[in-house]
Amino acid sequence: MKDNLKIEIASLKNGAAGDAADATLVAFCGPELSFGPITAKALQPGAAAMAIAAKVAHFTGKAGQVLDMLAPTGLGCARLIVFGQGDKDGKEAPAPTRHLHLGGKIRARLSGGESRILCEAPGAPAWAAEAICDMVTGLQLRDYKFNRYKSKKADDTENNHQNDVTFLVADAAAVKKALARQAGLTEGVALARDLVNEPPNVLFPEEFAKRAKELTALGVEVEVLGEKDMAKLGMGALLAVGQGSKRDSQMVIMRWRGVKSGKDKDAAKPIAFIGKGVVFDTGGISIKPAAGMEDMKGDMGGAACVVGLMHALASRKAKVDVIGAIGIVENMPDGNAYRPGDIVKSMSGQTIEVINTDAEGRLVLADVLWYVQDRFKPAFMINLATLTGAIIVALGQDHAGLFSNNDALSAQLASAGQATGESVWRMPMGPGYDKLIDSKFADMKNTGGRHGGSITAAQFLQRFINGTPWAHLDIAGTAMGSPQNDINQSWGSGWGVRLLDRLVADYYETGSKPA
Ligand code: BES
Ligand code: MN
Ligand code: ZN
């Protein structure tokens, strides 16, 4: 995966920059070009050149400033890049994602060949292993590219050079240990991004299921159900969405048993993550406008996140019993497609009047949510879905919408969001919204009108959770077409993998702090 980014961890000691004639050297300084002692010594021969360059560039070592010098006099390296770490006007608090983003910024500057990064915080002996681990992760996330369908590889873009990067750190063993734990997380994000970026002619439901099945190599149990199996289960809602497609709809159930059920009391109940996997959403008979429809290949961002998360958890052998379940369908107009006016019966027994075939995600989730709570009786269910355009209107692309029947779970998600930078914003729910989806002809209808479109969608889902503690993340704004940033240059962002990995690590693994 990371074939053109090679990371090495070596020990930071006096003279550690080594023979750097062809290398790029990366260092960090505080206000007024103050370095840590080892870095200062390594850069000493170039101090005069640096002082001149800093003056010309108005570089004072504040956070956010960068001094980038080619062939600095006296320094015996090809390039020196200094990242300011001082306070931004003395006000900026150290954000939890600071080092992650710093790593992304570093990766963006590297132009190939060898680089050495002197990981010494200005004014302090060393950064903690976790901070450096975050930095490495930032480099890797920034390095991600999806170019498997380009027959010519442009060689002038940021991501097409071989970079051999050595991090020079105080405690190499500790950093290597932290990195070993998070390697699978970076892979999980990349896997989720790949799935979202794949074109819909390649990633049809069975192909998606096949990719999920590859998790068996990590020890994940994977079951795949086809249309016949789901018909037997009575999944009339999910199947209705897929019936206009030539492709067979699928449901995939993944399980990572990092603890033996029943060993301790809390582990008796698994936790569960559920994803919307509409591999392409034309809208069906209620067809979408042509402009931008190609983006609907990303309507499986929820399912992609669940697969990426399972990869991450299994890779680090997380001490948790966790279910991942995804409903994978293609929403197409066709002679056999479901129509507005149809009444379908969900696995729960509740009937649904279809008002708009473009409100298909909730129909898919209705059956998967019901199935998961019925079969596994999980401690909680969290579903992710690119569910509504309305959530983009409400929150933009910087927060996912959070809807929940459980304050404790919501608080945990909010705090994991702050820790990872994958932020959530809780939205209201209640009977006043719920009644908007009551139907004249069936138990409910699949749209609630223009008002509060994301909320009525959430109310719909809530009718299929049977009282289980539950949270719904509407990721229509965050999973795809995301604005590029320090750690993501990809159309499919892989949003949610880091958030939920963190949620599990902080609250649900054996040995994590009590929930
Ligand atoms: N997949 C879309 C929501 C979406 C929109 C995701 C933009 C990502 C970007 C969903 O299936 C949909 O079409 N929702 C409708 C619901 C409406 C018909 C009630 C919408 O948001 O317009
Ligand atoms: Mn739709
Ligand atoms: Zn959709």
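Here are a few things to note about the model shown:
Okay, residues lined up against (1) away from ligand 2 (no atom under 16 Å from the Cβ); (2) touching a helix residue (DSSP H, G or I) at 6+ places or on another chain (Cβ under 9 Å); (3) modelled with pLDDT of 95 or more:
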site	(1), (2), (3)
Met300	no, yes, yes
Ala303	no, yes, yes
Gly308	yes, yes, yes
His311	yes, yes, yes
Val320	yes, yes, yes
Ile326	yes, yes, yes
Asn331	no, yes, yes
Gly341	yes, no, yes
Lys345	yes, yes, yes
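- Odd one out for Asn331 among (1) open to solvent by 10 Å² or more (accessible area, probe 1.4 Å); (2) within 16 Å of ligand 3 (Cβ to nearest atom): (1)
- Reported count of residues in the range 337-363, each being within 33 Å of the chain's Cα centre (by Cα) and at positive phi, is 0.
- Elements of type helices (runs of 4 or more DSSP H) contained in the range 123-233, each with 3 or more residues being among the hydrophobic types (A, V, I, L, M, F, W, C) and under 17 Å from the mean Cα position of the chain (by Cα): 129-143, 172-197
- Within the range 100-112, the residues that satisfy the criterion of being open to solvent by 30 Å² or more (accessible area, probe 1.4 Å), modelled with pLDDT of 95 or more and either not in a helix (DSSP H, G or I) or not aliphatic (A, V, I, L, M) (or both) are His101, Lys105, Arg109.
- Asn336 being assigned to a loop (DSSP other than H, G, I, E, B), open to solvent by 10 Å² or more (accessible area, probe 1.4 Å) and away from ligand 3 (no atom under 16 Å from the Cβ): yes
- Scanning the range 330-350 for residues that are more than 16 Å from ligand 1 (Cβ to nearest atom) and not β-branched (Val, Ile, Thr) gives Asp334, Gly335, Asn336, Lys345, Ser346, Met347, Ser348, Gly349, Gln350.
- Meets criteria (among the β-branched types (Val, Ile, Thr), more than 30 Å from Ile343 (Cα to Cα) and either assigned to a helix (DSSP H, G or I) or in contact (Cβ under 8 Å) with a residue 24 or more places away in the chain (or both)) for Val259: yes
- Considering the range 473-490, and only residues there that are within 16 Å of ligand 2 (Cβ to nearest atom) and crowded, with 23+ Cβ neighbours inside 10 Å, the residue that is nearest to the chain's Cα centre (by Cα) turns out to be Ala479.
- Scan of the range 320-343 for residues that are among the hydrophobic types (A, V, I, L, M, F, W, C) and under 15 Å from Met310 (Cα atoms), ordered by number: Val320, Val322, Ile323, Ala325, Ile326
- Residue identified as within 27 Å of Ala178 (Cβ to Cβ) and β-branched (Val, Ile, Thr) among Ile52, Ile9: Ile9
- Scanning the range 491-505 for residues that are open to solvent by 10 Å² or more (accessible area, probe 1.4 Å) and not in a helix (DSSP H, G or I) yields a count of 3.
- Residues that are more than 16 Å from ligand 3 (Cβ to nearest atom), over 26 Å from Phe380 (Cα atoms) and free of Cβ contacts under 8 Å to residues at least 60 places away in the same chain do occur in the range 340-352.
- Looking across Asp295, Asp281, one residue alone is among the acidic types (Asp, Glu), within 16 Å of ligand 2 (Cβ to nearest atom), at pLDDT 95 or above and open to solvent by 10 Å² or more (accessible area, probe 1.4 Å). It is Asp295.
- Scanning the range 1-31 for residues that are more than 30 Å from Asp194 (Cβ to Cβ) and loosely packed, with under 12 Cβ neighbours inside 10 Å turns up Lys13, Asn14, Gly15, Asp19, Ala21, Asp22.
- Test: residue in the range 392-406 that is within 16 Å of ligand 1 (Cβ to nearest atom), polar (S, T, N, Q) and surrounded by fewer than 23 Cβ atoms within 10 Å (Cβ to Cβ): yes
The values are calculated or read from the model by the stated rules, or taken from the named source; none is laboratory data. What you see is a predicted model; the values in this text were computed from it and never measured. As a convention, Cβ positions derive from the backbone with ideal geometry for all residues, glycine included, and neighbour counts pool all protein chains shown. The area values use the complete protein model at the heavy-atom level, side chains included, leaving out ligands, DNA and RNA. Shrake-Rupley method; radii C 1.70, N 1.55, O 1.52, S 1.80 Å.
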